[in-house]
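Here the structure is laid out as structure tokens; the discussion comes afterwards.
The values are calculated or read from the model by the stated rules, or taken from the named source; none is laboratory data. Keep in mind that this is a model prediction, so the values were computed, not measured. So basically every Cβ, Gly included, is an ideal-geometry build from the backbone, and we count neighbours across all protein chains shown. All accessible areas refer to the heavy atoms of the entire protein, side chains included, with ligands and DNA or RNA removed. Shrake-Rupley method; radii C 1.70, N 1.55, O 1.52, S 1.80 Å.
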Amino acid sequence: MNFNFYLFSIVLFLGTFQIHAQDVEERNSPKRETYIKGNAATILLAVPHFGIETTVGEKFSYQFDIMASFWNSIDGLPYKFGIATSELRYHFKERFHGFYAGIHLAGTTFKIAKNFRDRDYVYQQGLGYMLGSTIGFQKKINDKWMLDIFLGGGWHQGFYKGYHIDTGERLEGATKYNKSGEWLPYRGGLMLAYKLN
């Protein structure tokens, strides 16, 4: 036997080993799925909420979503906000089908009247962050469509300035920002999702 035969045998063995290793890796790694989503519940209130969710592990997915209200006036008071949320989700049985729990971090910006009942015509304008969790249930309708019912909340830390709506004057004595932290339910709805891949 000559050198070329040995070289051919080694190359064939290494090639077969590489193909087998790739096959094992593909079987052990989760198939990537990515969904784009829209919240049907908030759209009814003219508050768009859209997101994207993708596979990051066998039982894990990652979702990034944005929700915004553009209401300049509800009965004379502003109700404008934007929330961008980054969330890691753990699926208890099957990814994208069944119950899940998530943890998230969100950034907020707002110009909002907290209390519409007291009619004192004041609003708060500022920004903040949220740390919280989500619980939900996903149901595949078919190979391309899915429903995602969810509810979440957590701690919101706001940094804001208060103003009177008529005069635009500051309401408080703070020279910079007021700080306010509170536990809130701030996520929820019914997402209709479409699979991209």
Check: Which sequence of Tyr123, Tyr62, Tyr35, Tyr163 reflects their accessible areas, 1.4 Å probe, from the largest down?
Finding: Tyr62, Tyr163, Tyr123, Tyr35
Margin query: Testing the spin-label approximation: label points 7 Å from Cα along Cα→Cβ at Phe70 and Trp183. State their distance in nm.
Written below: 3.6
Next item on the list: Calculate I(q)/I(0) for the stretch 23-107 by the Debye formula, one identical point scatterer on each C-alpha and no solvent, and give its log10 at q = 0.11, 0.16, 0.18, 0.19 Å⁻¹ to two decimals.
Entry: -0.41, -0.72, -0.83, -0.89
Next item on the list: Tell me the label-point distance for the pair Thr175, Phe92, using the 7 Å Cα-to-Cβ offset, in nm and rounded to one decimal.
Entry: 5.3
Notebook entry, point to check: Based only on the alpha carbon positions, what is the Kirkwood hydrodynamic radius of the stretch 40-80, in angstrom?
Noted result: 12.2
Next item on the list: Answer with one residue from Gly154, Gly181, Leu127: the one whose Cα lies farthest towards the positive end of the charge dipole of the stretch 108-195, charges on Cβ with Lys, Arg +1 and Asp, Glu -1.
Entry: Gly154
Check: Hey, what's the Kirkwood Rh for the stretch 69-142 if you take every pair of different alpha carbons, in angstrom?
Finding: 14.8
